[in-house]
Amino acid sequence: MPVWQSIYEELKSENFEIISVAQDTGGEEAAGHIFDDANVSYTAIIDVNHQISSLYNLVNVPSGVWIDEQGSIMRINEGTYAKEHMNGAWGTNDYVPIVRDWVAKGADSEHVWDRSKVRESIIQRTPEAERAQPAFRLGGYYFTNDNDEKAEQYWTMAQELDPTSWNYLRQDLQYEEGGSAGPEWRARREQIEGAGGAYYAPLEIKNN
Amino acid sequence: MKTIKSIAGLTAVMLISGALNAQSATVLYNERVVELEQTLPDATDLWVKPEDLTRVNDFVLKPEGACLDELCVPVLQDRDSAMFITRQGQPWFNVTELADKLQQAYVTDYNDGIWSFGTVPVTRQSFLRGGEAPDFELMGRDGELVRLSDFRGKKVLLLTWASW
């Protein structure tokens, strides 16, 4: 997050904005201090219903979307860390430079995708996965109204309807023994990666 | 014919007594939580007063039908139908029937009378087919509403993350 703040400082005068959205049912209490610690001055939102993931068909965090001056998507659905994390287990230092290139060159940047590439990169949902959205929303409603039993019921339903969503799984695990990065999460990851799937959609970065 | 009328009359009487305990309901749609004081009791469907429709899902009931911007779903209003009925002069609109027609997903907790609706698929085509960024309206941490459309003319890097 401090990295994004420095990128923002560097590029904000070039018609560039960062909208950073925490997917956190726990709200301000859970996520607010992280924004505060980084002293962010870009647009900060705490999205308790995961509405942005719902609208943009995203299933994991962090995820990034590039949106141009007219509101068209230029890249979507990428695991976008600002720099290498956990000794390179996640993220890359190569992502920020392509953001810089896009801000400088706009549509002429080689890192901008064409329409068909954007379309192909948007995750398609099954009808069941579509129902997972209102199920998760209902679980969140119960969570905020302190009905943990029903929150769990509808969060479980959301996970069953959309087993591809890491967000639904981990938001729920956060409130269970073991936490959001505990044994259950690790087992699920290994299962998917073992079957040739990816935890994050691979980041495609063209080298000059 | 007379018999049918009297049966219809009887049904109406039963529905009036039902209407007296018209149920309250809660509707979740995007960020909104809409409390409805009165809905028509029904085991499977959500019937709301036409004036509540817009609060629930942005649709407006017009003579040509239930409309959202240019989209209008035809609704007969001079007689009862699956989408619209009148009981004792009170019209009721079937929100779940409309959702089914639009293939809009929803999940219901019948015991608590809470109806949670997903997005309306027709409003998603410009995103899914055209790669246009869906607009949103969320409260920013500074207390100001944030709309993506307010950033037209700027490049936006939209990032999601989580504390968990």
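The values are calculated or read from the model by the stated rules, or taken from the named source; none is laboratory data. Bear in mind the structure is a predicted one, so any value in this text is a computation, not a measurement. Cβ sites come from the backbone with ideal geometry, for glycine too, and all protein chains shown count toward neighbours.
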Problem set entry | Spans of strands (runs of 3 or more DSSP E) in the range A:36-94 with at least 1 residues farther than 22 Å from B:Glu31 by Cα, more than 7 Å from every other protein chain (Cβ to nearest Cβ) and of a type in the set (Phe, Trp, Tyr) | none
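Answer with yes or no whether A:Val99 is over 26 Å from A:Asp162 (Cα atoms), at the interface with chain B (Cβ under 10 Å from one of its Cβ atoms) and in contact with a strand residue (DSSP E or B) (Cβ under 8 Å, 6 or more places away or on another chain). Show your work before the answer.
On the way: over 26 Å from A:Asp162 (Cα atoms): yes; at the interface with chain B (Cβ under 10 Å from one of its Cβ atoms): yes; in contact with a strand residue (DSSP E or B) (Cβ under 8 Å, 6 or more places away or on another chain): yes.
Judged against the criteria, A:Val99 is a match.
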For this session: Report, by residue number, each residue of the range A:163-176 that is of a type outside the set (Phe, Trp, Tyr), under 17 Å from A:Tyr200 (Cα atoms) and within 11 Å of chain B (Cβ to nearest Cβ).
Result: A:Asn167, A:Leu169, A:Arg170, A:Gln171
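Could you list, in sequence order, the residues of the range B:54-68 that are among the hydrophobic types (A, V, I, L, M, F, W, C) and farther than 18 Å from B:Asp78 by Cβ? Steps first, answer last, please.
Narrowing the range B:54-68 to residues among the hydrophobic types (A, V, I, L, M, F, W, C): B:56, B:59-61, B:66-68.
Listed by number, the residues that qualify are B:Val56, B:Phe59, B:Val60, B:Leu68.
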Exercise. Can you tell me which residue in the range A:11-35 is farthest from the other protein chains (Cβ to nearest Cβ), limited to those that are farther than 23 Å from A:Asn49 by Cα and exposed (fewer than 14 other Cβ atoms within 10 Å of the Cβ)?
Worked result: A:Ser13
Exercise. In the range B:46-55, what residues are out of contact with any helix residue (DSSP H, G or I) (no Cβ under 6 Å at 6 or more places or on another chain) and either closer than 15 Å to B:Thr96 by Cα or surrounded by 15 or more Cβ atoms within 10 Å (Cβ to Cβ) (or both)?
Worked result: B:Trp47, B:Lys49, B:Pro50, B:Asp52, B:Leu53, B:Thr54, B:Arg55
Exercise. Out of curiosity, is A:Tyr95 more than 24 Å from B:Asp150 (Cα to Cα), without any contact (Cβ under 8 Å) to a residue 24 or more places away in the chain and among the hydroxyl-bearing types (Ser, Thr, Tyr)?
Worked result: no
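Let's see how each residue does on (1) at pLDDT 95 or above; (2) of a type outside the set (D, E, K, R); (3) within 21 Å of A:Arg188 (Cβ to Cβ):
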{"position": "A:His50", "(1), (2), (3)": "yes, yes, yes"}
{"position": "A:Asn87", "(1), (2), (3)": "no, yes, no"}
{"position": "A:Asn93", "(1), (2), (3)": "no, yes, no"}
{"position": "A:Glu110", "(1), (2), (3)": "yes, no, no"}
{"position": "A:Lys117", "(1), (2), (3)": "yes, no, no"}
{"position": "A:Ala132", "(1), (2), (3)": "yes, yes, yes"}
Exercise. Does the range B:133-149 hold any residues that are at the interface with another protein chain (Cβ under 8 Å from one of its Cβ atoms) and either touching a strand residue (DSSP E or B) at 6+ places or on another chain (Cβ under 6 Å) or not acidic (Asp, Glu) (or both), and which are they?
Worked result: B:Ala133, B:Pro134, B:Phe136, B:Leu138, B:Met139, B:Gly140, B:Arg141, B:Val146, B:Leu148, B:Ser149
Problem set entry | Residues of the range B:74-131 satisfying the condition of being in a loop (DSSP other than H, G, I, E, B), among the polar types (S, T, N, Q) and closer than 18 Å to A:Leu161 by Cβ | B:Gln103, B:Gln104, B:Thr119
Seminar exercise, completed: Restricting the range B:118-138 to residues that are surrounded by fewer than 18 Cβ atoms within 10 Å (Cβ to Cβ) and in contact (Cβ under 8 Å) with a residue 24 or more places away in the chain, the one farthest from B:Lys101 (Cα to Cα) turns out to be B:Glu137
Problem set entry | helices (runs of 4 or more DSSP H) (entirely within the range A:114-207) containing at least 2 residues that are in contact with a helix residue (DSSP H, G or I) (Cβ under 9 Å, 6 or more places away or on another chain) and in contact (Cβ under 8 Å) with a residue 40 or more places away in the chain | A:127-144, A:166-173
Exercise. Hey, does the range A:42-65 have a residue that's small (Gly, Ala, Ser) and closer than 18 Å to A:Glu204 by Cα?
Worked result: yes
Exercise. Which condition breaks for B:Cys67 when tested against (1) in a helix (DSSP H, G or I); (2) at pLDDT 95 or above?
Worked result: (1)
Problem set entry | Selection from the range A:58-91 of residues that are farther than 24 Å from A:Ala107 by Cβ and of a type in the set (S, T, N, Q) | A:Asn60, A:Asn87
Exercise. All but one of (1) at the interface with chain A (Cβ under 7 Å from one of its Cβ atoms); (2) in contact (Cβ under 8 Å) with a residue 60 or more places away in the chain; (3) of a type in the set (Asp, Glu) hold for B:Asp112; which doesn't?
Worked result: (1)
For this session: For A:Ser180, state whether it is within 11 Å of chain B (Cβ to nearest Cβ) and closer than 30 Å to A:Asn15 by Cα.
Result: no
Exercise. So is A:Arg170 of a type in the set (D, E, K, R) and at pLDDT below 95 or not?
Worked result: yes
